[in-house]
1. Considering only Ser85, Thr168, Met238, whose Cα is most displaced toward the positive end of the charge dipole of the chain, charges sitting on Cβ of Lys, Arg (+1) and Asp, Glu (-1)?
2. Distance cut-off 27 Å, Cα to Cα: go down the list Lys100/Lys135; Lys46/Lys75; Lys26/Lys46 and report the pairs above it.
3. Within the chain, what whole-number % of the accessible surface is contributed by carbon and sulfur, with the 1.4 Å probe and all protein chains included in the calculation?
4. If contacts are Cα pairs under 8 angstrom and at least 6 residues apart, what is the relative contact order of the stretch 51-115 in percent?
5. Collect residues whose amide H, placed 1.01 Å from N in the peptide plane, falls under 5 Å from the amide H of Ala154; neighbours closer than 5 in sequence don't count.
6. Tell me, what HN-Hα J-couplings in whole Hz come from the Karplus equation 6.51 cos²θ - 1.76 cosθ + 1.60 at θ = phi - 60° for each residue of the stretch 110-125, using x for Gly and Pro?
7. Amide H neighbours of Val80 under 5 Å, at least 5 residues apart or on other chains, H built in the peptide plane: list them.
8. Mind ordering 166-173, 190-197 by average Cβ neighbours within 10 Å, highest first?
Amino acid sequence: MDYSKMRDNEILKRQYKDTSKLDIHKTFHEKYSTNKQGFTEWMFEKYMFFNGCRILELGSGKGDLWDGRIEYIGKNSSLVLSDFSDGMITYMQDRYFNQKRVEIMKIDAQNIPFLEETFDIVIANSMLYHVPDLKKAISEIWRVLKKNGVFYAATFGENGFSKYINSTLREMELTTNDIGNISFTLQNGKKTLSTFFPTVKRIDYEDSFEVSNTEDLVDYIYSMASMANLDISHRPNMIAFYDKHRNAESIIKIKKEYGIFIAKKL
Ligand SMILES: C[S@@+](CC[C@H](N)C(=O)[O-])C[C@H]1O[C@@H](n2cnc3c(N)ncnc32)[C@H](O)[C@@H]1O
């Protein structure tokens, strides 16, 4: 596959055609993160559900956020889990088929098929940086939120893992067609959200990686959407390169920068 000839949207569709890439990410984070609470659990603590609330999640992926947690949304609450990928929709339909309060829908965040002021809460985690027309997506989120509704958006920072990977790849003289996924980061997200939402709060999650298996790190890099055009022939050189980055305990330490924005509609 010649990824250099693929358009960003085609790369994304390929990246998320099934759950395989997300599985690699989840395993890597669980295995090598130093903060054992986990980002998902930490985020979930931030959500202010109430009995009877209507919740929409965009770009839900496998729906991991709700694994063992649906009961916390409130007895009369309802939840729409959505994604633009058929593969993710099929997976979630299978996973949550017996949950009465949950509906699974194929939705592109740029065009949300609900009337204005439908939801109390909208959630979009680790997905807005993939959306080609970010302003359109945020205006759609704002439109479907009720007055006093809350939008929760998790994303990564520019000074964490991605910075480490990009700088080490440059050292190896490897280039990627980074598909513009710094469009919504912890650094620039507040400015974009503030064009719609009067109050936007950023909260950071403290964490880092301590990687003990270099092959796992290289597999993770190959599984990233932004690395879709990285030729597999570089794998042995990359493993040798990262092996040199190990400390005395044979660990590669990498800073993580993740967090969440909480935006309120008045
Ligand atoms: C990195 S995954 C995050 C999945 C999940 N939110 C999580 O935090 O584990 C990004 C997800 O966003 C979806 N996605 C990308 N662009 C989208 C769009 N324009 N509308 C809806 N979903 C989209 C992908 O299919 C993928 O499932």
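The values are calculated or read from the model by the stated rules, or taken from the named source; none is laboratory data. Model, not experiment: these values are computed from the prediction. Don't worry about glycine lacking a Cβ; one is built from the backbone with ideal geometry, like all the others, and counts go over all protein chains shown. For the accessible areas, the whole protein counts, side chains as well, though only heavy atoms, and no ligand, DNA or RNA atoms are used. Shrake-Rupley method; radii C 1.70, N 1.55, O 1.52, S 1.80 Å.
1. Ser85
2. Working: Lys100/Lys135 33 Å; Lys46/Lys75 19 Å; Lys26/Lys46 20 Å.
Among Lys100/Lys135; Lys46/Lys75; Lys26/Lys46, the Cα-Cα distance tops 27 Å for Lys100/Lys135.
3. Values: 6480 of 13100 Å².
C and S fraction of accessible area: 49 percent.
4. On the way: 90 pairs, mean separation 23.6, N = 65.
Relative contact order for the stretch 51-115 comes out at 36 percent.
5. Ala124, Asn125, Ser126, Phe261
6. My calculation for the stretch 110-125 gives 7, 8, 8, x, 9, 6, 4, 6, 9, 10, 8, 9, 10, 10, 9, 9 Hz in order.
7. Ile55, Leu56, Glu57, Glu103
8. On the way: 166-173: 13.2, 190-197: 16.1.
Ranking the peptides 166-173, 190-197 by packing returns 190-197, 166-173.
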